[in-house]
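Report on the structure given below.
Read-outs: derived from the displayed coordinates by stated rules, not from any lab. These numbers come from a predicted model, not from an experiment. For neighbour counting, all protein chains shown are included, and Cβ atoms are generated from backbone atoms with ideal geometry for every residue, glycine included.
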Amino acid sequence: MKLVTFKVHTETRIGALHNEKVIDLNSAYALKLKEEGVLAPRRKADALIPSCMIGFLEGGEESLKAAYQALAYAIANPEAVGLDEEKITMCQCTAKLQAPVPSPGKLYCVAVNFYDHATERIKDPEARQKEIDRLKSLKLDVPDVFQKPPGLVVGPRDPLIKVKATEKMDYECELAVVIGKEGKYIPKEKAYEYIAGYTIVIDVSARDQGFPQDVDFRIFKGDINWTKGKGMDNAGPMGPCIVTSDEIPDPYNPPLRLKTRVNGKERQNNTLEHMIIQIPRIIEYLSNGTTLKPGDVIATGTVAGVAHSWGPEGFLQIGDVLECEIQPIGTLKHKVIGE
C-alpha cells in the first residue's frame, strides 16, 4: 500500500494512492462499517485510522488491516461518498499531498554511506577504485549519523528555498525508513520487523554553511558542522508516500535505484547495492540506548552525483526544478525559489 498524508481545504488526513488518485481511508472504512451494520462506525474508524500518520502507525497490524479493507472497498465503489457526503476518492488537485510523516519525532540521516558517493571527488578511475577497495577492507560498522530538525520537513511538491545564506545549495536523494513499531536495543536480525515502510527524503545541504571546502571526504569527520549545513529552511522534503514493508520486504533484492534530475538532466543514478552500512545495522546502532518510535524516520544516505561533484555550475539556483525518484515509491518534484 502507498500511504499518504493529504490536506483537503484546512483538514489534514491520511489516505492511500491508487492509480494516482487519493483515497480517504478513514471515510472509506467508516462507510464500509456502516453498510455492515456496525454501531458508531465513524468512532471505530477514527480509532483504527486516525487523521495523523503517527497515530495510524501506532495502531500496528490492526490499523493496517483496516486500511487494506478500506482501500478494497473504495476501489470497488469509486463513486461512493462518505457519511458526511465527503468525497472518498479524489484527484491530487483536490487532495494536496503533504509529507507522509509531517512531523516525525526523530529524523535521522546517515552521512557518506555509499561507496560511489564517498569517493566521487577522486576523478582518476584507478585511484577511485583503490579507495573503494580500501574502504571495503575496513569493514565499517558504525554509521556517521546526524539529525535534521523535524520542522524542516516539507511535502512532495512544496518549493525548496534557496536561502540568502548560501551560494552552494546541494541535494541528496535518499531512501528513508519509517519506523512502525516501538523498539530499543533492536538486533539487526530483527530490524525489518520494526519497519512500517519506505519513503524518499531529499537531504538538502548548504555546502558553504558548516562544511569545509575542498576537503576530501576522508577527513570530513574532523571538521564539519552537520546541523548548520543541513539545517536550512525547507531542507527536508519527504514523500510522496510510504510504501508499506509488505510490498518492499527487502530493499536490496532487487536493490532499489536512486535517481536525481535537475531541469530534466540526470545527476544521480545508482542502486542500494553500493551502500556501505545497511539498514538492519543502522537500526541496531540507532536503537542502542535510544527508543525508536512509530513515525521516526531514518534517511540512509545517497549515491554519487551530488551537486558539488558537478563543479560550481552544479549547485541549485532559483528557478531550477529538482526531481528525486525511487521506484516503486515515486518521485519528489520541487522548484527552487528565493526567500
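How many angstrom lie between the Cα centre of the stretch 57-135 and the Cα centre of the stretch 298-339? Distance between centres, Cα-based: 16 Å. As a rough footprinting exposure proxy, the listed residues VAL145, VAL297 were ranked by other beta carbons within 10 Å of their own, and the order from fewest upward is VAL145, VAL297. Across all directions, the average projected area of the convex hull around the alpha carbons of the chain is 17.5 nm².
Each principal axis of the stretch 2-97 carries a Cα extent, and these read 33, 29, 24 Å when sorted largest first. Projecting the Cα atoms of ILE122, LEU272, ALA196 onto the dipole axis of the chain, where Lys and Arg carry +1 and Asp and Glu carry -1 at the beta carbon, places ILE122 farthest toward the positive end. Rounded to the nearest 20 debye, the dipole magnitude of the stretch 107-338 is 280 debye, with +1 charges on Lys and Arg beta carbons, -1 on Asp and Glu beta carbons, and the Cα centre as origin.
Each of ILE298, ILE186 has some number of other Cβ atoms within 10 Å of its Cβ, and from fewest to most they run ILE186, ILE298. Straight-distance candidates among the lysines for linking to LYS188, with alpha-carbon spacing under 17 Å and chain neighbours fewer than 8 residues away dropped: LYS139, LYS293. Taking a straight Cα-Cα cut-off under 19 Å and skipping sequence neighbours fewer than 8 places away in the same chain, the aspartates and glutamates within cross-link reach of LYS162 are ASP170, GLU172, ASP203, ASP208, ASP233, GLU313, ASP320, GLU323, GLU339.
In terms of surrounding Cβ atoms within a 10 Å radius of their Cβ, HIS334, HIS18 rank from fewest to most as HIS18, HIS334. The order of the peptides 256-267, 21-32 by mean Cβ neighbours within 10 Å, most packed first, is 21-32, 256-267. When each of the peptides 163-171, 134-142 is scored by the mean number of other C-beta atoms lying within 10 Å of its residues, the order from highest to lowest reads 163-171, 134-142. Taking each DSSP H run with n ≥ 4 as -39500 (n - 2.57) and averaging over every residue of the chain yields -6000 deg cm²/dmol at 222 nm. For the residue pairs LYS7/LYS230; LYS96/LYS333; LYS2/LYS335, the C-alpha atoms sit more than 21 angstrom apart in LYS7/LYS230; LYS2/LYS335. Here the dipole of the stretch 1-90 is about 80 debye; that uses its Cα centre as origin and unit charges on the Cβ of Lys and Arg (positive) and Asp and Glu (negative).
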